[in-house]
Amino acid sequence: MSDQPHTWRFFRAGDFEQPLLRSAADLAALRQLDQKLWATLACPTDRLNISHKFLQLMDENADGRIRAPEVLNAIDWSLARLNDPDCLFTQRPLTLADLKNGEENHSLILAARRLLGLLGRSEEDSLSADDTADPAVIFPADVANGDGLVPAPLSPCEAQQALIGHIIACLGEQTDRSGEPAVSAEQVSEFFAQVNAVKDWHQSASADVRLPFGDATADTIELLARLKDKINDYFTRVDLVAYDARSATIMAASEDELARLGAGSLASLDCLQDLPLANLEQTGGIHFSQGINPAWQADMQAFYQQVVVPEYGEIERLERSQWQAILDKAASYFDWQAGQPAVAILEYLPLEDVLAIDDSQQAALNALIALDLEVEEAAQGWVDLDRLLNMQQHLVPLLKNFVSFEDFYGRKEKAIFQAGRLFIDGKSCDLVVDVADIEAHSAVATQSNSFLIYCHCVRRGQPVDGREACNIVALISAGMDHELMPGRNGLFYDREGNDWDATVVKVIENAISVREAFWSPYRRIATLISDQIQKFAAGQDDKLIASAAERVENGTAAAPFDIAKFAGIFAAIGLAVGALGTALAAAFSGLLALHWWQWPLVIAGLIVVVSGPSMLLAWFKLRRRSLGPILDANGWAVNAQARISINFGTSLTQTASLPKGAGSLRDPYARKSSLRWVLPLIAAILTAAAWYFLAGPGTGLWQKADTVTPKQAVKTPATAKPAAKTVPKTETAAEQ
């Protein structure tokens, strides 16, 4: 590369400068670009709409996150293996001619030639990431692939295949490059360590300890384990009866208990298991042919045939001393069993199968692992080919969502963090992000100053990527918010076009638009008035019903009508109406005193007073609306403000509109508009105001008959005689 400094080009979006990536030279110089200019510094490997396999290849330390150094390493690695690195910007399939010759790429080119042959293509044909999507194509399970893992098909021996299956069942599986379950050298070592521990424990006991009852030991021990506590309980009860005869009745089942059992069904004997093993009044031990609890009769007969008869012959009763001798004979076995090693292998394999495992099989499995590692260098070419084909297809799209947010702000391609599109409340939302934990996400996303709705999405019986449910958050940046509330349902389409039922579960309320903020105060006032009227009406209704119920309950008649009381009420109402009328008259007088051109100013002033604060607050909040907290809450490390401006936000949410040229029929059941009488009233007021200003005082219309104009006024001389004083006529009493 040239020693000359690279000339960068930037574009401004989201209130920050973002680098343009247009050529391989831009990619090569990215390591020297100050990372403070990057849009983000890290992102998770899940919940992104890009190849998950590619993200795993980018994640060098497999910690579930992709950081800036890993991105730079992937760029350098890709540029070093391509003749023309500019082909990364086309995402086209690669040919052999695109691969750079050299020692480090020798195995890569050989792997590409072999894959073309396996696919039946010529060397002039191309390869894409889809050709290596199935690992079994380039890494057959029965061929060594250099990863040091051994799947069952790699061994030609059926016994070894079975042993590999046992190891996987006991210790878990590793995934071979072929995609098959496999075992590692560490697992083989751990498995045989457990086998040897079991063998040492088994050999620590003599034959008499391991088989106290001969070949019937396993069945006998199982019987003793079930009967031991029950037989001991019986002999203890017998001793108590011998101590005090009154306890014979108390220790047996009470009459109430027997009555309860008799009232139910005895088809199942489980309800009798808690009763004593045998009749407590019999003496000389446990009688095998009579007085046995039916729930334990089968086990006692098996115990008699398998244990008692071989030891004591066909006796009728089992005495305490005989029972104790049997327990003593089994005690060493139980002690030996208590020292059994707690290993996973015994939870899966019977003891006999563990003891039958040959120690030489460990060496055979280690030999297979060594054989697999011999081809590690050659197999690396296949790994590099798969990685390069994925880098060719997905590296630049990742950079346009990592180094910059070009895809998001350019609106030509959806960003990799955009999960799909949500339709709800007559809107479609494009900024939809898949989230894991709604509460944890909302705690951070609330700093975005955005109107966000969280939805739980379900796709019952039709899982996508193994999921039938997911959670999303969507930005609302257009329309009204009064219908968006928890419980509202919508439909979510993911990036593959799958539809999900979406239900709103949480809303973070913020300004949606300045236009919405204009109407917000009026809606709140109307809602407040409506709520108060409904509360008043509901209170009066409840009071009326309570009063009526009280009269009905007490049998009293309604109180007589008190004219004096209601006269006072009507007088108060009259005073209130009068005061309101006076206020309205004063307001209209003030308005009528204005000139006609001052009316629009008054109306505009009223609108500014009511809607101005809400609009101003919304404008400030919308200027601070940011994408960063929404992504940070999902595990990103956003390195810039990433503002969502008013104009850009409008493009992320679309509201319903009729298609161009579409017609619409009138609804015959539509609610009658109040404008039918409001508009004529306003027209009448405006007409009266215009008549007042255009034909007001000083015109002939407003002159009274006795009005004297200045021109008509004549001064009365001082010498003039005063007019004769008119003496009022005296009325008669009758006239009065």
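Taking segment 115-130 as the range and being charged (D, E, K, R) and in contact (Cβ under 8 Å) with a residue 24 or more places away in the chain as the test, the residues that pass are 123, 124, 125. When each of 184, 204, 189 is tested for being closer than 30 Å to residue 171 by Cα and in contact with a strand residue (DSSP E or B) (Cβ under 6 Å, 6 or more places away or on another chain), the lone residue that passes is 184. Taking the listed residues 182, 141, the one that is modelled with pLDDT of 90 or more, outside any helix (DSSP H, G or I) and either within 38 Å of the chain's Cα centre (by Cα) or over 21 Å from residue 347 (Cβ atoms) (or both) is 182, with no other qualifying. Determine which member of the set 464, 444, 473, 432 is surrounded by fewer than 15 Cβ atoms within 10 Å (Cβ to Cβ), among the β-branched types (Val, Ile, Thr) and either in contact with a His (Cβ under 8 Å, 6 or more places away or on another chain) or outside the structural domain of residue 75 (by TED's automatic domain parsing) (or both). 464 is the lone residue from the list that is surrounded by fewer than 15 Cβ atoms within 10 Å (Cβ to Cβ), among the β-branched types (Val, Ile, Thr) and either in contact with a His (Cβ under 8 Å, 6 or more places away or on another chain) or outside the structural domain of residue 75 (by TED's automatic domain parsing) (or both).
Taken across segment 59-72, residues that are aliphatic (A, V, I, L, M) and at pLDDT below 95 do occur, with at least one present. In segment 378-396, the condition of being β-branched (Val, Ile, Thr) and more than 30 Å from residue 48 (Cβ to Cβ) is met by no residue.
Residue 241 fulfils the conditions (1) among the β-branched types (Val, Ile, Thr); (2) outside the structural domain of residue 295 (by TED's automatic domain parsing); (3) in contact with a Ser or Thr (Cβ under 8 Å, 6 or more places away or on another chain) except for a single criterion, (2).
Checked against the criterion of being surrounded by fewer than 19 Cβ atoms within 10 Å (Cβ to Cβ), part of a helix (DSSP H, G or I) and free of Cβ contacts under 8 Å to residues at least 40 places away in the same chain, the candidates 229, 233 yield just one match: 229. Does residue 76 qualify as being out of contact with any Ser or Thr (no Cβ under 9 Å at 6 or more places or on another chain) and farther than 20 Å from residue 381 by Cβ? In short, no.
Looking at this structure, is residue 146 without any contact (Cβ under 8 Å) to a residue 60 or more places away in the chain, part of a loop (DSSP other than H, G, I, E, B) and either among the hydroxyl-bearing types (Ser, Thr, Tyr) or farther than 27 Å from residue 414 by Cβ (or both)? When the stated conditions are applied, residue 146 does not pass them.
Cβ-Cβ distances below 6 Å connect the following pairs, each with a first residue in segment 317-345 that is surrounded by 14 or more Cβ atoms within 10 Å (Cβ to Cβ), a second residue that is among the polar types (S, T, N, Q) and at pLDDT 85 or above, and a separation of six or more residues or different chains: 343/194; 345/194.
Here's the yes/no breakdown for (1) of a type in the set (A, V, I, L, M); (2) outside the structural domain of residue 53 (by TED's automatic domain parsing):
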site: 335; (1), (2): no, yes
site: 350; (1), (2): no, yes
site: 367; (1), (2): yes, yes
site: 381; (1), (2): no, no
site: 393; (1), (2): no, no
site: 398; (1), (2): yes, no
site: 417; (1), (2): no, yes
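So which of 25, 74 is small (Gly, Ala, Ser), over 39 Å from the mean Cα position of the chain (by Cα), part of a helix (DSSP H, G or I) and surrounded by 12 or more Cβ atoms within 10 Å (Cβ to Cβ)? Result of the check over 25, 74: 25.
Between 111, 133, 141, 152, the distinction of being touching a residue at least 40 places away in the same chain (Cβ under 8 Å) and surrounded by 15 or more Cβ atoms within 10 Å (Cβ to Cβ) belongs to 111 only. Restricting attention to segment 155-179 and to residues that are part of a helix (DSSP H, G or I) and more than 21 Å from residue 342 (Cβ to Cβ), the residue that is nearest to the chain's Cα centre (by Cα) turns out to be 165.
Only one entry of 98, 63 meets the criterion of being farther than 19 Å from residue 395 by Cβ and assigned by TED's automatic domain parsing to the domain that holds residue 47, and that entry is 63. If you take the residues in segment 197-208 that are in a helix (DSSP H, G or I) and loosely packed, with under 14 Cβ neighbours inside 10 Å, which one is modelled with the highest pLDDT? Restricting to residues being in a helix (DSSP H, G or I) and loosely packed, with under 14 Cβ neighbours inside 10 Å, the top hit is 200.
The selection criterion, being part of a loop (DSSP other than H, G, I, E, B) and crowded, with 19+ Cβ neighbours inside 10 Å, holds for residue 48.
The values are calculated or read from the model by the stated rules, or taken from the named source; none is laboratory data. Remember, it's a predicted structure, so these values are computed and weren't measured experimentally. All Cβ positions, even for glycine, are placed from backbone atoms using ideal geometry, and neighbour counts span all protein chains on display.
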